[in-house]
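Readers should treat all values here as calculations from the given coordinates under stated rules, not as data from a laboratory. In this text, all values refer to a predicted model and were calculated from it rather than measured experimentally. No Cβ is skipped: glycine too gets one built from the backbone with ideal geometry, and neighbour counts run over all protein chains shown.
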Amino acid sequence: MVENRAPGWSEMLKAIFPHSGKARVLGLTGPPGAGKSTLVDQLARFYRKDDRKVGIVAVDPTSPYTGGAILGDRIRMQEHFSDPGIYIRSMATRGSLGGLARTTADVTTVLDASGRDLIMIETVGVGQDEVDIVRLADVTILILVPGMGDDVQTIKAGIMEIADIFVINKSDRDGAEHVEREIRSLQSLAMRHDGWTPPIVKTVASQGVGIKELASAVSDYEAYLQKENLALPKSVENWQERLVEMLRDAMLEKARTQLGDGNLARLAAEVAEHKRDPYTLVEEIAANAGKS
């Protein structure tokens with residue numbers, strides 16, 4: 001209902017929002033092939049041993065046609081389906097009318113209100129969509145693997161900056177130390193305003209190695225935020241981003257409704273033929289959208 005913006009979706013979110021805000025949200029991102037799904041799977045097992053209810057949102061911004069998220073994650077995590085303490089939702093860009101980050105945020109709110117203790121958002125890739133999505137998280141985990149060469153340098157700066165914990169997965173492979181050195185050198189260039197130094201955790205997710213250490217790193221960061229009174233400011237910062245995104249979506253939808261498809265094509269033709277300039281046109285549309 002929320003993903004597809006079916007009738008009544010906003011009323012439902014308004015009603016459940018007061019019941020949200022209790023779940024801890026972890027954002028996990030990294031390049032394809034880093035073993036994110038296996039890591040999420042192992043973390044879910046770990047947290048279930050403590051009887052914590054887990055929600056998993058697996059986002060695949062890259063694959064509107066192949067349904068990669070649905071096939072991959074559901075096959076890997078199918079043994080959890082008999083466990084009512086775990087809920088898994090795969091999302092691809094199709095069906096997402098607003099921005100993917102906005103839809104993911106709303107789905108996370110639903111899971112939060114349903115009583116999950118922990119929600120993991122797993123994204124595929126390291127583009128702008130991922131930066132927006134993991135901004136929703138209380139704790140952001142960036143997963144890298146050996147054998148990337150100098151690719152650590154090319155990973156989007158925004159991702160490197162918002163990572164609260166670095167994970168080197170498949171760390172039994174050659175090159176794990178090289179990746180660690182790369183991360184350390186990049187860390188020395190970027191100063192975080194909260195004073196936290198993101199730890200580097202080595203894992204071999206397929207064997208369950210390092211999962212306990214990763215969960216400890218998550219707890220350490222949460223404790224640091226509480227101790228330094230940074231949890232609320234971080235939430236405020238996240239909400240600033242989300243409110244701008246929500247406003248953008250709402251205004252765009254309003255303008256689109258007012259214009260109608262036929263009008264948009266006519267106006268586009270006028271601009272293409274240089275009968276009108278697009279700047280004045282957009283100002284007029286924005287002014288009209290603001291009136292009603």
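Residues whose amide H comes within less than 5 Å of that of Val209, counting only those at least five positions distant or on another chain, are Val204 (H built at 1.01 Å from N in the peptide plane).
In this simple spin-label model, placing a label point 7 Å from the Cα along the Cα-to-Cβ direction at both Arg266 and Gln226 gives a separation of 6.1 nm. A convex hull fitted around the alpha carbon atoms of region 241-291 yields 80 Å³ per residue. For Arg24, the amide hydrogen comes within under 5 Å of the amide hydrogens of Leu118, Ile119, counting only partners 5 or more places away or on other chains and with H modelled in the peptide plane. Across region 175-292, the convex hull enclosing all Cα atoms gives 245 Å³ per residue.
The phi torsions of region 244-261, fed into the Karplus equation with coefficients 6.51, -1.76 and 1.60 and a -60° offset, translate into couplings of 4, 4, 5, 4, 4, 4, 5, 5, 5, 4, 5, 5, 4, 4, 5, 6, x, 4 Hz, rounded to whole numbers, with Gly and Pro shown as x.
Counted over region 137-290, the DSSP beta bridges are approximately 10% antiparallel. Rounded to the nearest whole Hz, the Karplus-based 3J(HN,Hα) values (6.51 cos²θ - 1.76 cosθ + 1.60, θ = phi - 60°) of region 44-56 follow the sequence 4, 4, 4, 6, 5, 4, 8, 6, 8, 7, 10, x, 10, with x at glycine and proline.
Extending 7 Å from the Cα toward the beta-carbon at both Asp117 and Arg248 defines two label points whose distance is 3.6 nm. Each label point was placed 7 Å from the Cα along the Cα-to-Cβ direction; for Arg256 and His193 their separation is 3.2 nm.
Placing R0 at 30 angstrom, the Cβ-Cβ distance between Phe17 and Asp51 gives a FRET efficiency of 0.70 after rounding to 0.05.
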